[in-house]
Amino acid sequence: MPQHPFPRHALARLPSAFPLIRTLVLLLAGCGTAAAQDIGTLNPQPLPPIERPDDPKTPAKELFGRKTSPAPMEARTIGYYTSGCLAGGVALPVTGKTWQVMRLSRNRNWGHPNLIKFLERFASKVPAIGWNGLLVGDMAQPRGGPMLTGHWSHQVGLDADIWLTPMPDRVLAAPEREEMFATNVVADDWLDVDPKIWSQKYIDLLKTAAKNPEIERVLVNPAIKKALCRDVKGDRSWLHKLRPVLGHNYHFHVRIRCPQDSPNCKSQPAPPNDEGCGKDLDWWFSEKMLTIKPGKSKPILMSALPPACRQVLVAQ
């Protein structure tokens, strides 16, 4: 059964017995699922000009998707993870000692400086758990904002996708970065992880991410959350940050908190303090949930973004 982003129209179908899940889905549905396995290109071409860029009906993704450089402004995040933009974005270097950026043709390795620092620190810790380094997927566009493909979130420079594949012990060639696939750790029936792939190293990797105080959430496939609930021994204090979201079987999604330098950044409510291993998790495996078909969402217009995003868009 194929995985899919959680459709907005399905919110009405959520059982009233699960008010917590209703809240979580409303908060997380906008995260979407990145098309992490869509291959890139070695010869990216500029998008054609928009005939009427000032038309209020022009989707914001068409405008932000054409910006190839950051806004020359003081770094700050503006708005919410699923409805905002990024000023003064910083690029994660495409190759570090313990990380490499994938799908370079997408130009989505941008973020708030706090995200860049977090990723560099996180990457430096993973060799100690037997994970050679991180393969980093989509972060944000140079000026954040809605993306042409793959995400509802990742708009304010505080989100990043990490592949569930350890970095090789060599620098990947350009074709590999554009065309290789990440590891799917979920079984074919989507009800659990693949026992031939799942191991303690995955648990240690996710724990290392979640234990960082800057992390708001780590988004994983429901099957991965199920495996964590079953397999984590000892310290389980970090499990509440691991939130189930459809997709996320090839990668996991880290989200850091709003920076202090960004008063217009809208925080996400803190996750529940419980481990999230009870009936709320069981619901993700219900027949109703497994048979929901993906829906289409309307493109976000500039009028739906914070007014300051217009300044970010046109800054030169």
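The values are calculated or read from the model by the stated rules, or taken from the named source; none is laboratory data. Everything numeric in this text was worked out from a predicted model, so none of it was measured. Quick reminder, even Gly has a Cβ in these numbers, built from the backbone with ideal geometry, and neighbours come from all protein chains shown.
Of all residue pairs spaced 6 or more apart or on separate chains, those with beta-carbon atoms under 7 Å, a first member in the stretch 191-210 that is closer than 16 Å to residue 163 by Cβ and a second member that is assigned to a helix (DSSP H, G or I) and not hydrophobic (A, V, I, L, M, F, W, C) are 208/125. Of the set (1) touching a helix residue (DSSP H, G or I) at 6+ places or on another chain (Cβ under 9 Å); (2) part of a loop (DSSP other than H, G, I, E, B), all apply to residue 84 but (2).
The set of residues from the stretch 108-164 being over 11 Å from the mean Cα position of the chain (by Cα), closer than 18 Å to residue 248 by Cβ, among the aliphatic types (A, V, I, L, M) and not in a helix (DSSP H, G or I) comprises 134, 135, 147, 164. Can you tell me which residue in the stretch 269-291 is nearest to residue 237 (Cα to Cα), limited to those that are at pLDDT below 95 and touching a Lys or Arg at 6+ places or on another chain (Cβ under 7 Å)? Per the stated criteria, the residue is 271. Every condition in (1) within 22 Å of residue 205 (Cα to Cα); (2) crowded, with 18+ Cβ neighbours inside 10 Å; (3) polar (S, T, N, Q) is met by residue 273 except one, and the failing one is (2). Restricting attention to the stretch 207-229, which residues are more than 12 Å from residue 256 (Cα to Cα), hydrophobic (A, V, I, L, M, F, W, C), part of a helix (DSSP H, G or I) and touching a strand residue (DSSP E or B) at 6+ places or on another chain (Cβ under 8 Å)? Passing the criteria: 223, 224, 227, 228. Selection of the stretch 95-107 for residues being part of a strand (DSSP E or B) and touching a residue at least 60 places away in the same chain (Cβ under 8 Å) yields 95, 99, 100, 101. Within the stretch 95-120, the residues that satisfy the criterion of being surrounded by fewer than 22 Cβ atoms within 10 Å (Cβ to Cβ) and under 15 Å from residue 77 (Cβ atoms) are 113, 114, 116, 117, 118.
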